[in-house]
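Have a look at the structure below before the remarks.
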Amino acid sequence: MEPAIEIRVKMTPLVAVVSSPHARLFTCFLRLGAQQASPLQLHTGTSLAAKNYHEVLVLGGGSGGITMASRMKKRVGAENVAIVEPSERHFYQPIWTLVGAGAKQLSSSGRPTASVIPSGVEWIKDRVAELNPDKNCIRTDNGKEISYKYLIIALGIQLDYGKIKGLPEGFSHPKIGSNYSVSTVEKTWKALQDFKEGNAIFTFPNTPIKCAGAPQKIMYLSEDYFRKTGKRSKANIIFNTSLGSIFGVKKYADALLEIIQERNLTVNYKQNLIEVRADKQEAVFENVDKPGETQVVPYEMLHVTPPMSAPDVLKKSPLVDAAGWVDVDKETLQHKKYSNVFGIGDCTNLPTSKTAAAVAAQSGILDRTISLIMKNKAPMKKYDGYTSCPLVTSYNRVILAEFNYNLQPVETFPFDQSKERLSMYLMKADMMPFLYWNMMLKGYWGGPAFLRKLFHLGMS
């Protein structure tokens, strides 16, 4: 693999860029959090005798699962918590946008799962095969039945590349990649480097997806790369999206549309990728509003965002809504039918954007919800749908979108976050990974709500 792109900006500390008193206060809080969340705390649960009953059972070892396992360890003790997760490695997936553009190495995004599971918490290295909430138990692929008092479902989202004709086998050909999978993200960078002349196409599917800004982030980064390498005049950059707008929040949509116009990017709405003919370098799109109406578009580079859905094991369980998502109360994250079952993150039907930032905010609410349920009290803290999407618009600029269920901006910093900023890029590239590994996964980060309060107090 070739080295990361040399045109990337030198990473100076964020505090050197945003040097206001607010930023210094933020940095102080980060240092305190880092001291609390010691990186030397390693998982030792695999040496414990396996149990068939746990007070708290967590399904999934992604961002939501690890975070909640850490929080539940503090509530009930490590010996009373277990986590079911088959994967040997845990990835910080938001950084894959930059990996696909050559600005970060893939190796920086992953760590052994054993190193992120809270110490003393039992790691059941298996896959969930069946959920039986009526009997308070689950069954794993290996046939093990595990019962629980409280269940936290954090199984994430399923990538359905196979729903596009010609995929995933098409990834064996050049000129095509996808930032959504560890096995295809570096193919995006290779396709970007190998681009000579023609159409560079970026897609958005006709399903809910995680990190809904990512399909267009790689478009802006690719355009920047083409400019910096003298290829821009030879590139026809196309964003084909199944949606009817560029972004769900008007304030940020307006800013993005200005960038699209300034950089001469083509956006086609209501266009869904249904087939990839990788041997011919052709992509087939269907008009969402007119099923059966298709067009074939040749490409020199194709970035695929796959259709996504809830994991199959959830779809066949009694815990989901009609669309297959875990059916939880949107304010408390408690299951609507089973009071001892809770959901967090991408696998739920929470009507907000599925992001790691949303999981961080949800984790704080869910922690409070479960603690009160354990005391036979009614949940009080309410989740407002907070989520965040750092919209990377170049190799050194980001628009930091933050919003709630009502699609209203809920901004952390005391400036207009719809403007492209170097400071926000540095936060995306360097500070957010630090927060993730050292604070969020260890149960010390529940989102930036307290920062907003501090900034607003400081300005009052």
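The values are calculated or read from the model by the stated rules, or taken from the named source; none is laboratory data. It should be emphasised that the depicted structure is a prediction, and the values quoted were computed from it without experimental measurement. Quick reminder, even Gly has a Cβ in these numbers, built from the backbone with ideal geometry, and neighbours come from all protein chains shown. Please note that ligands, DNA and RNA were not included when accessible areas were found on the heavy atoms of the full protein model with its side chains. Shrake-Rupley method; radii C 1.70, N 1.55, O 1.52, S 1.80 Å.
A compact table of results
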quantity: Some residue of the range 335-346 being under 18 Å from Ile238 (Cα atoms), open to solvent by less than 60 Å² (accessible area, probe 1.4 Å) and not in a helix (DSSP H, G or I); calculated: no
quantity: Residues (of a type outside the set (S, T, N, Q), open to solvent by less than 20 Å² (accessible area, probe 1.4 Å) and in contact with a Leu (Cβ under 8 Å, 6 or more places away or on another chain)) located in the range 239-258; calculated: Phe239, Ile246, Val249, Tyr252, Leu256
quantity: Of all residues making up the range 312-322, the number that are surrounded by fewer than 20 Cβ atoms within 10 Å (Cβ to Cβ) and within 20 Å of the chain's Cα centre (by Cα); calculated: 1
quantity: Search result, residues across the range 381-398 that are within 17 Å of Pro448 (Cα to Cα) and over 17 Å from the mean Cα position of the chain (by Cα); calculated: Lys381, Lys382, Tyr383, Asp384
quantity: Residue in the range 157-183 that is nearest to Ala69 (Cα to Cα), counting only those that are open to solvent by less than 20 Å² (accessible area, probe 1.4 Å) and either of a type in the set (Phe, Trp, Tyr) or in contact with a Gly (Cβ under 9 Å, 6 or more places away or on another chain) (or both); calculated: Tyr180
quantity: Among (1) in contact with a Lys or Arg (Cβ under 8 Å, 6 or more places away or on another chain); (2) open to solvent by less than 40 Å² (accessible area, probe 1.4 Å); (3) among the hydrophobic types (A, V, I, L, M, F, W, C) - the single one Ile274 does not satisfy; calculated: (2)
quantity: Per-region count, the range 230-263, residues polar (S, T, N, Q), over 22 Å from Tyr180 (Cβ atoms) and touching a residue at least 24 places away in the same chain (Cβ under 8 Å); calculated: 1
quantity: Residue satisfying condition, being of a type in the set (A, V, I, L, M) and closer than 30 Å to Tyr150 by Cβ, within set Ile344, Ile274; calculated: Ile344
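One line per residue, one yes/no per condition, for (1) at pLDDT 95 or above; (2) at positive phi; (3) touching a His at 6+ places or on another chain (Cβ under 6 Å); (4) among the small types (Gly, Ala, Ser):
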| site | (1), (2), (3), (4) |
| --- | --- |
| Thr352 | yes, no, no, no |
| Val359 | yes, no, no, no |
| Thr369 | yes, no, no, no |
| Met374 | yes, no, no, no |
| Met380 | no, no, no, no |
| Ser388 | yes, no, no, yes |
| Val398 | yes, no, no, no |
| Ala401 | yes, no, no, yes |
| Asn404 | yes, no, no, no |
